[in-house]
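The values are calculated or read from the model by the stated rules, or taken from the named source; none is laboratory data. These numbers were taken from a predicted model, which means no experiment stands behind them. In this analysis, Cβ positions are derived from the backbone assuming ideal geometry, glycine residues included, and neighbour counts consider all displayed protein chains. These accessible areas exclude ligands, DNA and RNA; they are computed on the full protein's heavy atoms, side chains included. Shrake-Rupley method; radii C 1.70, N 1.55, O 1.52, S 1.80 Å.
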Amino acid sequence: MLDAARDCVLAVGVRRTTLTDVARRAGVSRMTIYRRWPDVRSLVGDLMTREWIAVAAGAMPPVDDDRPERERIVDGLVAGVAAFRSHPLFRKILDVDPELLLPYVLDRRGASQDALLGLLLTALDEGHEDGSVRRAHPDLQARSLLLVVQSFTLSLGTMADASDPELREAAFLEELRTLLERTLAP
């Protein structure tokens with residue numbers, strides 16, 4: 001059903017997607033959908049959680065015992081921003097239904113943000129252990145990192161200038177790398 005919801009949102013956006021459309025695409029009854037999700041927004045919320053966690057997990061490089069954890073964190077966060085910005089569902093929501101993201105930026109954390117914080121906390125703990133990450137309150141560090149990467153993910157397009165090589169998205173991703181490296185360095 002989440003795959004069907006994804007297809008519907010990609011086709012017409014969140015506002016124009018109905019639970020009836022999702023049920024039809026999934027080949028199930030509307031009641032089957034309504035038993036689990038009371039409305040499209042809650043269904044899309046679960047879809048975003050699934051997609052965003054997969055993007056974040058896929059962006060993290062594999063654990064390498066010879067490599068400092070700080071490098072892995074920085075590489076993963078920079079790759080994650082690039083992956084989110086090119087993800088079709090994220091692009092569609094940002095282009096057609098950006099107001100859907102506002103509560104998660106202004107009012108409350110969502111399930112995907114909590115999951116991302118969990119991934120960051122684990123990586124930061126490992127970085128503290130191997131000495132490659134500056135010791136600080138882990139929750140403060142994780143939340144601060146998430147604030148930074150959320151900003152780059154959501155707003156990078158407003159700052160980049162494709163006509164200037166020094167202001168293209170790739171240049172901003174390198175600047176993000178520098179910011180993260182410096183904030184995490186012991």
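Placing one identical point scatterer on every Cα of the stretch 60-122 and ignoring solvent, what is log10 I(q)/I(0) from the Debye formula at q = 0.17, 0.18, 0.21 Å⁻¹? Debye intensities relative to I(0), on a log10 scale: -0.73, -0.80, -0.98.
Tell me, how many Å apart are the Cα centres for the stretch 64-108 and for the stretch 122-186? Centre-to-centre distance over Cα atoms comes out at 11 Å. Of the Cα atoms belonging to the chain, the radius of gyration and Dmax stand at 18.3, 56 Å.
ARG108 label point, 7 Å along Cα→Cβ, cut-off 13 Å on backbone N: hits in the stretch 1-42? Counting only backbone N, you get 42. Dimensions of the stretch 1-89 based on its C-alpha atoms, expressed as ranges along the principal axes with the largest first, amount to 52, 22, 18 Å.
On full extension of the chain, what length is gained from GLU71 through ASP164, given 0.36 nm per residue of separation minus the C-alpha to C-alpha distance? Intermediate results must be reported in sequence, preceding the final value.
Numbers: separation 93, 0.36 × 93 = 33.48 nm, distance 2.84 nm.
Length gained between GLU71 and ASP164: 30.6 nm.
For the chain, the longest principal axis of the alpha carbon atoms and the long axis of helix 138-159 meet at an angle near 70°. Taking only the Cα atoms of the stretch 48-152, the radius of gyration and Dmax are 14.1, 44 Å.
Rolling a 1.4 angstrom probe over the stretch 53-186 with all protein chains present gives an accessible area of which 56% lies on carbon and sulfur atoms.
So what is the calculated 222 nm ellipticity per residue for the chain, using -39500 (n - 2.57) for each DSSP H run with n of 4 or more, over all residues, to the nearest 500 deg cm²/dmol? Kindly include the intermediate steps, with their values, before the conclusion.
Working: 9 runs with 131 residues, N = 186.
Counting only the DSSP helices, I get -23000 deg cm²/dmol.
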